[in-house]
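Each remark here refers to the structure printed beneath this line.
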Amino acid sequence: REIILVTSNENKFKEMNSIAQNFNVSLIWFNIPKVEIQADSLEEIVKFSAIIAYNQINRPLIVEDSGLFIEALNGFPGPYSNYVRRKIGMEGIIRLLEGEKNRKAYFSTVLAYVDSTQLKLFEGRVYGSISTEIRGTKGFGYDPIFIPDGVNLTFGEMSTEEKNKYSHRAIAFRKFLEYLATYTV
Ligand code: ITT
Ligand code: NA
């Protein structure tokens, strides 16, 4: 079975492809810009992205939108994670949390599947904390400052396979793959 993944982010493709193989799904990477509206929730953003992509491609596909939600900052940057990373970077996040004891945060992925009959959402979350310094050179985005609960490594210090044991994206994608296994268009 083939499923198209629309994303401009090669790391997302790599992470998901390594899981897809275990489910006998071949993931086809469409490296085209995902159209992103500005909205206050990942769900709303990804629904629009999915519909726009489906209108262009007309084949069953998935897109996902992810964000980092920091408790002491009331969930900021959340759906604005991309913009915030470009503006202030990981250093900026560490600075915002200077002297803050509560470093709890979670990553969320909302994945949308769309075909000719439906649009369906799958969420994945991983809880953890923001490190006090940047650690590791693997992964992408905020990986070097996020420590998932249960280990002392940042995502930036993990291989793709290790990150997939914990990550928001892996959780959302496995939920989708389990659904897909029971579903025929
Ligand atoms: P798309 O083409 O799929 O949109 P993107 O990299 O822009 O790729 P998002 O909009 O979903 O992806 O990501 C929002 C921000 O959160 C962006 O700065 C990412 O680098 C970061 N991010 C997303 N997933 C992440 C992960 O697993 N680990 C670390 N940072 C992540
Ligand atoms: Na994006």
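The values are calculated or read from the model by the stated rules, or taken from the named source; none is laboratory data. The structure presented is a predicted model; accordingly, all values stated were derived computationally and were not measured. Here the Cβ is made from the backbone with ideal geometry for all residues, glycine too, and neighbour counts use every protein chain on show.
Taking the criterion of being at pLDDT 95 or above, more than 14 Å from Tyr142 (Cα to Cα) and either among the acidic types (Asp, Glu) or within 15 Å of ligand 2 (Cβ to nearest atom) (or both), would at least one residue in region 76-95 satisfy it? There is no residue in region 76-95 that is at pLDDT 95 or above, more than 14 Å from Tyr142 (Cα to Cα) and either among the acidic types (Asp, Glu) or within 15 Å of ligand 2 (Cβ to nearest atom) (or both).
Checking the condition in contact (Cβ under 8 Å) with a residue 60 or more places away in the chain, crowded, with 17+ Cβ neighbours inside 10 Å and in contact with an Asp or Glu (Cβ under 7 Å, 6 or more places away or on another chain), which residue from Pro60, Pro79 passes? So the residue among Pro60, Pro79 that is in contact (Cβ under 8 Å) with a residue 60 or more places away in the chain, crowded, with 17+ Cβ neighbours inside 10 Å and in contact with an Asp or Glu (Cβ under 7 Å, 6 or more places away or on another chain) is Pro60.
Among the residues making up region 143-179, those that are part of a loop (DSSP other than H, G, I, E, B) and without any contact (Cβ under 8 Å) to a residue 40 or more places away in the chain are Asp149, Gly150, Val151, Asn152, Leu153, Thr154, Met158, Ser159.
Residues in region 152-174 include none that are basic (Lys, Arg) and more than 20 Å from Asp65 (Cα to Cα). Between Thr109, Thr154, the distinction of being hydroxyl-bearing (Ser, Thr, Tyr), within 16 Å of ligand 2 (Cβ to nearest atom) and buried (at least 22 other Cβ atoms within 10 Å of the Cβ) belongs to Thr109 only.
If you go through region 1-12 and keep only what is outside any loop (DSSP other than H, G, I, E, B) and near ligand 1 (Cβ under 9 Å from one of its atoms), you end up with Leu5, Val6, Asn11, Lys12.
On the basis of being in contact (Cβ under 8 Å) with a residue 60 or more places away in the chain, closer than 22 Å to Gly156 by Cα and more than 12 Å from ligand 1 (Cβ to nearest atom), does Ile51 make the cut? When the stated conditions are applied, Ile51 does not pass them.
Residues checked against (1) of a type outside the set (A, V, I, L, M); (2) buried (at least 18 other Cβ atoms within 10 Å of the Cβ); (3) over 26 Å from Tyr142 (Cβ atoms); (4) within 12 Å of ligand 2 (Cβ to nearest atom):
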residue: Arg1; (1), (2), (3), (4): yes, no, yes, no
residue: Met16; (1), (2), (3), (4): no, yes, no, no
residue: Glu43; (1), (2), (3), (4): yes, no, no, no
residue: Ala53; (1), (2), (3), (4): no, yes, no, no
residue: Ala72; (1), (2), (3), (4): no, no, no, no
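Only residues that are within 30 Å of Ala105 (Cα to Cα) and either acidic (Asp, Glu) or within 12 Å of ligand 1 (Cβ to nearest atom) (or both) were counted in region 21-31, giving 2. The criterion of at least 2 residues that are within 28 Å of Ile147 (Cβ to Cβ) is met by the following strands (runs of 3 or more DSSP E) wholly inside region 25-133: 61-70, 104-114, 119-130.
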